[in-house]
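Values quoted throughout were computed directly from the atomic coordinates according to the rules given, and no laboratory measurement underlies them. Everything quoted here is computed from the prediction, not taken from an experiment. Cβ atoms come from the backbone with ideal geometry, glycine included; neighbour counts cover every protein chain shown.
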Amino acid sequence: MATVRCPMPECRRRVDLADYDAIPIPPQQPPAEICLHFIAAWGGRRGPLAESVLHALTGNREFLHRNLRPTNVDPHRIDEVRDELDRVAREGAHEVRPVDDGSDEAALFGDRHEANQVAREFAHYIIGPDPVLGGGYR
């Protein structure tokens, strides 16, 4: 059983990664009482980081603005930009790994602004620059 702790100083709640199975479609959302900062868990039988975060952000306002539905994203497109998606998820939010075992499991935490930034970057890499922002924000 891998357990991680929320890295946010105001929270520091424990999250048991065993509570999160493989990504169902539509994805099962975590119980509301877990932690406000929890975004996604990946590794082990859950699947890779990019898919886990993508499905966990279903309904995020940045995805809604860009009309991005994770269930409609071509898996080949995710494979093409996987390195960028993994990088922006780790840079835009807080990756936490359990210290008690050597598994490949991990979780992503962040406040709503960090989650929105990760979603904005995911949309940029998956469907291209946002035309409303003049082709991008970089």
If I take all pairs of Cα atoms in segment 43-138, what percentage of them are more than 19 Å from each other? 40
Ranked from highest to lowest mean number of other Cβ atoms within 10 Å per residue, what is the order of the peptides 92-99, 108-115? 108-115, 92-99
For a footprinting-style exposure proxy, rank ASP100, ASP79 by other Cβ within 10 Å, fewest first. ASP100, ASP79
